[in-house]
Amino acid sequence: MQKVTALIVAAGNGTRMNSRVKKQFLLIKDIPVIVHTVLAFEKSEIIDDIVIVTAKEDIAKTNGLVKQYGLNKVSDIVAGGETRTDSVRNGLMYVKSDFVAIHDGVRPCIKEERIKQVVEEAKKYGGAALGAPVTDTLKAVDGDEIKSTVDRRNLWQIQTPQCFDTVALKDAYAKNEGLTYTDDCQIFESRSLSVKVVAGDKSNIKITTEEDFELAEFLLEKKE
C-alpha cells in the first residue's frame, strides 16, 4: 500500500502581517493557525505521517504545540532554509513515503476531502495540485497604465496541497540545486513532468495579510 507524508511548510517570517507574533502562531478560536492546518492532515485517513518545516528558532515552540494538541502523526519537525524552496528541500530529506503532499502552514481552511482528492489524483498521474479558475478580469499594466486584457480562460490560481511521487520530486530538486521556485509544481514542470489540476475551494486561502487572517477567522468559525 502506497504511503503518503504531508509536508507542512511554516518557516516564513510573515513580514506582511502587522503583528509581533508570526502568522502561523496567531490564534483563531484560541488555537494557533499552524495547529488548525496540521489537524486537517492529522484527521485525514489518507495521510500516514506529517513532517513540519519551521524556522530553527521555532522548533521547540512547534514541538510543544504538537504535544499539547496530540498531533500524533507528526514524525519530524525540521529547520527551514532561506527560501521556501530551501525549506521544502530540507523537509524532503525526512520523507520516506511513496508520495508527499506539500502544504502551506498558513492555509488552515483546507478541507479533508480536498486533501484526499489531490492525493488520489497524484497516485494516478504522478503529480497533482489544488487550484481555482481565475474569475476576475486580468489586465497587463505598464506603470499605472492598462496595456491589454489577458485571456483568462486557461488561467488558474494554484493552491496547496500539491502532491507528488516522492522519488520524482526529490530527483527534480536534485537536478535544480541552487534555483528558487514559487511552488513545487514549477520544479516538477522544469523536468517536463505533468501535474493534474484538481478543482478546489476559494476558501482555501493563504494567510498573508491582516484581511486574510480576518477571513480565515470567519471561515473557521463557519466550519465549526
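The values are calculated or read from the model by the stated rules, or taken from the named source; none is laboratory data. Computed from a prediction, not measured in an experiment: that's the story for all the values here. Backbone-built Cβ (ideal geometry, glycine too); neighbour counts: all protein chains shown.
Summed over the range 187-212, the residues that are in contact with a Ser or Thr (Cβ under 9 Å, 6 or more places away or on another chain) and at pLDDT 95 or above give a count of 2. For the range 13-31, state whether one or more residues are of a type outside the set (Val, Ile, Thr), in contact with a Pro (Cβ under 9 Å, 6 or more places away or on another chain) and more than 24 Å from CYS185 (Cα to Cα). Among the residues of the range 13-31, at least one is of a type outside the set (Val, Ile, Thr), in contact with a Pro (Cβ under 9 Å, 6 or more places away or on another chain) and more than 24 Å from CYS185 (Cα to Cα), which makes the answer yes. With respect to the conditions (1) modelled with pLDDT under 90; (2) closer than 29 Å to ILE47 by Cβ, GLY178 falls short on a single one, namely (2). For the range 55-71, the condition holds for no residue, the condition being that it is touching a residue at least 60 places away in the same chain (Cβ under 8 Å) and under 23 Å from ALA216 (Cβ atoms).
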